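First comes the structure, then the notes that go with it.
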Amino acid sequence: MKPRMMWTVALLSAAVMTAAAGCGGGSGDKASGDKVHLRFSYWGSDARQKLTEQVIKKFEEKNPTIDVEGDFSNWESYYEKLATKVAANDSPDVISIEIRGLSEYAGRNALADLAGKVNTADLDQQVLTSGQVDGKQYAIPSGVNTFSMLVNKSALDKAKQKLPDDKSWTWDDWINLAKQISAAGNGVNGAEYNYNPAWLQIFAAQRGEKFYDGNKIGVTADTLKAWWGIHQQLIQTKGSADAAKSAELISVGPEQSLLATNLGAMGMWWSNQLNALSKASGQELTLMRMPKTAGATTGGMFLQPSMFYTASAKSDHPAEAGKFIDFLVNDPDAASILLSDRGLPTNAKVLAAVKGKLPAVDQKTLTFIDAVKGELSPIVAPPKGALQMEDILKRNSEEVLFGKTTPDAGAQKFLTEANAAIAG
C-alpha cells in the first residue's frame with residue numbers, strides 16, 4: 001500500500017477506533033504498582049522476536065520501575081499497522097524505523113528529537129548523522145551493515161569455478177560466472193537478482209549518479225536501462241532463474257531464497273543477513289564486494305544503519321523511552337544478547353566488549369566491514385516517499401522483464417512515478 005493511501009486508511013481506521021473507545025489515548029500508561037509502561041514496535045523473524053524478548057527482560061531487570069511491551073509484526077504488515085497506530089494517537093513509545101521511512105515519519109511530527117535524551121558520545125558520528133532530518137536527531141542507529149554479494153564457495157567448487165577477485169570483478173564477470181555455474185548441471189542457479197533500490201543506488205553511483213538528488217530522482221533513464229540489462233542478460237544466459245521464478249523468489253524472505261535453500265550460488269543481501277542465510281543453508285557463505293561497471297572509479301557501496309530506534313513525539317514517558325533506547329545502543333549486556341541481529345554495534349566500546357562473543361559468522365561480517373569501510377560512502381536519510389520506492393521499482397522492473405513494456409517506456413514510467421512519490 002502506498003504511504004499516502006496508507007495514511008488515509010490509517011486516519012479512517014483511527015476515527016473508528018477513537019469513536020469506539022470514546023476517547024483518544026496516549027502512547028504510554030502506568031502499569032501495576034505504578035510502573036511506567038512502554039511499548040516498543042519492531043519487525044522481523046521469530047528469531048529476532050526471541051532475542052528482543054530477552055533484551056527487554058534484561059532492561060527490566062536493570063530498570064525495575066519500567067515495563068516494556070514488545071509490539072512485534074512481520075515485515076509485510078509493519079508500516080501499515082504503524083501508520084494506523086500513529087494516526088489513532090496510539091503510537092508505540094519506541095519505534096523501529098528504517099532509513100527509508102525516517103523523513104516520512106519525522107515530517108509528520110510523529111517522532112521526538114532525541115538530542116540530549118540518549119548518550120551518543122561513543123557512537124560512530126558519521127553513522128549518527130544519518131538519523132538527522134532538518135538538523136534534528138530523530139533517530140539513533142541500531143547498528144550498521146552494507147549491501148553486498150554473498151557467495152556459496154562450495155557451489156562454485158562443485159561447478160569447478162574459482163572465487164573471483166572482488167576488488168576488480170565487473171558485472172560482465174558476474175554474469176559469466178553465474179552462467180558457468182548454472183551450466184555445470186548441479187541443479188544450482190548461478191545467481192539470483194532482486195529489485196532492492198540499494199543495488200540500483202550502487203550501480204548508479206558507479207556511473208557517477210545519485211539515486212536521490214535532493215527532492216528528485218538522480219538516476220537517468222540510461223542507467224535504469226543498463227541496470228535492467230544486467231537482469232535480462234542473467235535470464236538470457238540462464239545464469240539466473242527466469243523472470244517468473246525470480247519474481248516469485250523476490251516475494252519471499254531470505255530464508256526461502258535460492259542461496260538459503262542451496263539452489264543458488266550468489267545473491268545480494270545486507271551484510272547483517274549473513275547469519276540467517278548461513279543458518280538456513282547450513283553452508284559457509286562468503287561476503288564480497290559488489291561487482292563494478294567497467295571503468296568505474298568508485299564501487300558505490302555505502303554504510304547504512306540496519307534500522308533506527310526512534311521515540312514517539314506523543315509518548316507520555318519520553319525520559320523512559322530515551323533510557324530504553326540508550327540501553328539498546330550503549331549497554332554491553334544488550335549487545336551481548338542482540339549481537340549483529342540489528343547490525344554490528346555502532347558504539348565502539350560496546351563492540352569491543354562483545355567482539356569476542358560474536359559467533360564465527362558475525363566475526364566474518366565484522367572483518368568484511370572493517371576491510372571495506374574505507375571504500376563505503378556515508379548516507380543521508382532520503383526524502384519523503386522513499387518507502388514507496390521498492391514497490392515502484394519492482395513493478396516497473398517486472399513490466400520490463402516480462403516484456404509488457406519496453407525499457408525506454410519503463411524507464412520513463414519509473415522516473416515519473418518515483419519523482420511524484422517524493423514530491424509529496
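Just so you know, all these numbers are worked out from the coordinates, no wet-lab data involved. Computed from a predicted model, the values in this text were never measured in an experiment. Counting neighbours? That spans all protein chains shown, and the Cβs are built from the backbone with ideal geometry, glycine included.
Counting only the backbone N, which residues of region 361-386 are under 17 Å from the spot 7 Å out from the Cα of Lys216 toward its beta-carbon? The answer is 383-384. Applying the Karplus relation 6.51 cos²θ - 1.76 cosθ + 1.60 with θ = phi - 60° to region 404-419 yields 3J(HN,Hα) values of 7, 8, 7, x, 4, 5, x, 5, 5, 5, 4, 4, 5, 5, 5, 5 Hz, where x marks Gly and Pro.
Computed on the Cα trace of the chain, the radius of gyration divided by the Kirkwood hydrodynamic radius gives Rg/Rh = 0.97. A straight line joining the Cα centroids of region 140-168 and region 123-137 runs 29 Å. Relative contact order of the chain, taken over Cα pairs closer than 8 Å and 6 or more residues apart, is 25 percent.
Only helical runs count toward this figure. For the chain, summing -39,500 (n - 2.57) over DSSP H runs of n ≥ 4 and dividing by all residues gives -14000 deg cm²/dmol at 222 nm. Identify which of Ile325, Ile181, Ile379 has the largest mean-square fluctuation in a Gaussian network model of the chain, with springs joining Cα atoms closer than 10 Å. Maximum fluctuation in the GNM of the chain, among the listed residues, is at Ile379. Beta-bridge orientation, the chain: approximately 65 percent antiparallel, per DSSP, counting only bridges with both partners inside.
Computed over the chain with a Gaussian network model linking Cα atoms closer than 10 Å, the most mobile of Asn347, Asn145, Asn63 is Asn63. Residues in region 128-141 carry Karplus couplings, in order, of 4, 5, 5, x, 9, 9, 6, x, 10, 8, 7, 9, 10, x Hz; the curve used is 6.51 cos²θ - 1.76 cosθ + 1.60 with θ = phi - 60°, and Gly or Pro positions show x. Rounded to the nearest 0.05, the FRET efficiency derived from the C-beta distance between Lys153 and Ala115 at R0 = 45 Å is 0.50.
Compared with the dominant Cα axis of the chain, that is its longest principal axis, helix 197-206 is turned about 60°.
So how tilted is helix 318-330 from the main axis of the chain? Cα-based, degrees 0 to 90, rounded to 10. The answer is roughly 40 degrees. Placing R0 at 60 angstrom, the Cβ-Cβ distance between Asp172 and Thr65 gives a FRET efficiency of 0.50 after rounding to 0.05. Separation of region 74-115 and region 329-405, taken as the distance between their Cα centroids, equals 19 angstrom. Residues whose amide H comes within less than 5 Å of that of Asp71, counting only those at least five positions distant or on another chain, are Phe40, Ser41, Tyr42 (H built at 1.01 Å from N in the peptide plane).
Extending 7 Å from the Cα toward the beta-carbon at both Thr129 and Arg48 defines two label points whose distance is 2.8 nm. Between Glu255 and Ser377, the simple spin-label model (points 7 angstrom out along Cα→Cβ) gives 3.5 nm. Coupling constants for region 173-185 follow from the phi torsions by the Karplus curve (6.51 cos²θ - 1.76 cosθ + 1.60, θ = phi - 60°), and in residue order they are 4, 5, 4, 5, 5, 4, 4, 5, 5, 4, 6, 6, x Hz; glycine and proline get x. When the chain is treated as a GNM, springs tying every alpha-carbon pair under 10 Å, which of Phe302, Phe324, Phe402 comes out with the largest mean-square fluctuation? Of Phe302, Phe324, Phe402, the Gaussian network model singles out Phe402 as fluctuating most.
Between the helical axis of 75-87 and the longest alpha-carbon principal axis of the chain there is an angle of about 30 degrees. Were the residues from Thr405 through Asp391 laid out at 0.36 nm apart, the gain over their Cα-Cα distance would be 3.3 nm. Close amide H contacts of Asp316 (hydrogens built in the peptide plane, cut-off under 5 Å, sequence separation of 5 or more or a different chain): Ser27, Gly28. Counting neighbouring Cβ atoms within 10 Å and putting the fewest first, the residues Leu249, Leu111 line up as Leu249, Leu111. Summing Cβ point charges (Lys, Arg +1; Asp, Glu -1) relative to the Cα centre of the chain gives a dipole of roughly 640 debye. Potential lengthening of the chain between Glu76 and Asn89 amounts to 2.5 nm, from the contour at 0.36 nm per residue minus the alpha-carbon distance. Centre-to-centre, using Cα atoms only, region 256-313 and region 53-73 are separated by 30 Å. A Förster distance of 56 Å, applied to the separation of the beta-carbon atoms of Arg108 and Lys160, puts the FRET efficiency at 0.50. Loop-located trypsin sites (Lys or Arg not before Pro) across region 365-411 with a Cβ neighbour count of 14 or fewer within 10 Å are Lys404, with loop assigned by DSSP.
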